[in-house]
Amino acid sequence: MKEIKVFSNILEANDRLAEQNRKNLAEKKVTALNLIGSPGCGKTTLLENTLKIIAERDEIKAAVIEGDIATSRDAERLRKFDIPIVQINTEGACHLDAGMVCSVMDDLPLDEIDLLFIENVGNLVCPADFDLGERGKVVVISVTEGEDKPQKYPEIFLNSACVTVNKTDLLPYLDIDIEKLYNDIDTVRKGLPRYAVSAKTGEGCDAWVDWLESLCNYAPS
Ligand code: MG
Ligand code: ZN
């Protein structure tokens, strides 16, 4: 039982810092989204296509916090967009926590941005437990991961504001039935908003960016 107590203390400390982040972001009217998904599901590629559309529309200003165990490769991939990017290396930790996000908040021009993407470490499990102070979590899964992930990893689907189903360009080559995947999502969380996208070809990304922009119109209380 001792270990469970330690874990709940860690989460309590995390939640306090998360509230501080949330307050800070709300004051600056920044909508922060915590992107969570397995390694290789296409989080960074989705960000590339999303940032391209956001730049073309020129309606909102975005920034990115990149979370990785090691390297700044993902941040390098986004460098071309000329937006604020901060890299956090967790040095082995398999998720971001609110303290890590808090420690880089001053490195971001919060007065100038509307939308902050926080790309979490590739992991479908414990990032679900750690509130970063975001407005919402977004779970990214790819169709190559199969139809059964929502029921196998329910917590992240329960805690997310939306799910993006990526790599739809691969559907002709796979046995997966996307309706079965949607049913699986509904079993865990009925009606969870979902966007089927191909971050590679851009198919479906406009509807996803519409959703993102609609969040930025929200005035946090
Ligand atoms: Mg990535
Ligand atoms: Zn972890």
Could you say which residue among Pro39, Pro84 is in contact with a Pro (Cβ under 7 Å, 6 or more places away or on another chain) and either crowded, with 17+ Cβ neighbours inside 10 Å or not acidic (Asp, Glu) (or both)?
-> Pro84
Examine region 206-219 for a residue that is part of a loop (DSSP other than H, G, I, E, B) and surrounded by 15 or more Cβ atoms within 10 Å (Cβ to Cβ), and state whether such a residue exists.
-> no
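If you scan region 166-175, which residues turn out to be outside any loop (DSSP other than H, G, I, E, B) and surrounded by fewer than 23 Cβ atoms within 10 Å (Cβ to Cβ)? Before you say what the answer is, go through the steps one by one.
Step one: list which residues in region 166-175 are outside any loop (DSSP other than H, G, I, E, B), which gives 166, 168-173.
Within region 166-175, Thr168, Asp169, Leu170, Leu171, Pro172, Tyr173 meet the criteria.
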The correct count of residues that are on the phi > 0 side of the Ramachandran plot and within 12 Å of ligand 1 (Cβ to nearest atom) in region 38-75 is 3
State yes or no: is Glu19 modelled with pLDDT of 95 or more, under 21 Å from Gly136 (Cβ atoms) and either open to solvent by 20 Å² or more (accessible area, probe 1.4 Å) or not in a strand (DSSP E or B) (or both)?
-> yes
Region 105-138, subset outside any loop (DSSP other than H, G, I, E, B) and surrounded by fewer than 16 Cβ atoms within 10 Å (Cβ to Cβ), residue farthest from ligand 1 (Cβ to nearest atom) | Asp111
If you check Ala63, Ala98, which single one turns out to be under 27 Å from Thr201 (Cβ atoms) and surrounded by 15 or more Cβ atoms within 10 Å (Cβ to Cβ)?
-> Ala63
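The values are calculated or read from the model by the stated rules, or taken from the named source; none is laboratory data. Just so it is clear, the structure is predicted and the values come from calculations on it, not from any experiment. Using ideal geometry, Cβ is built from the backbone for each residue, glycine included, and neighbour counts are taken over all protein chains shown. Note: areas computed on protein heavy atoms with side chains; ligands, DNA, RNA excluded. Shrake-Rupley method; radii C 1.70, N 1.55, O 1.52, S 1.80 Å.
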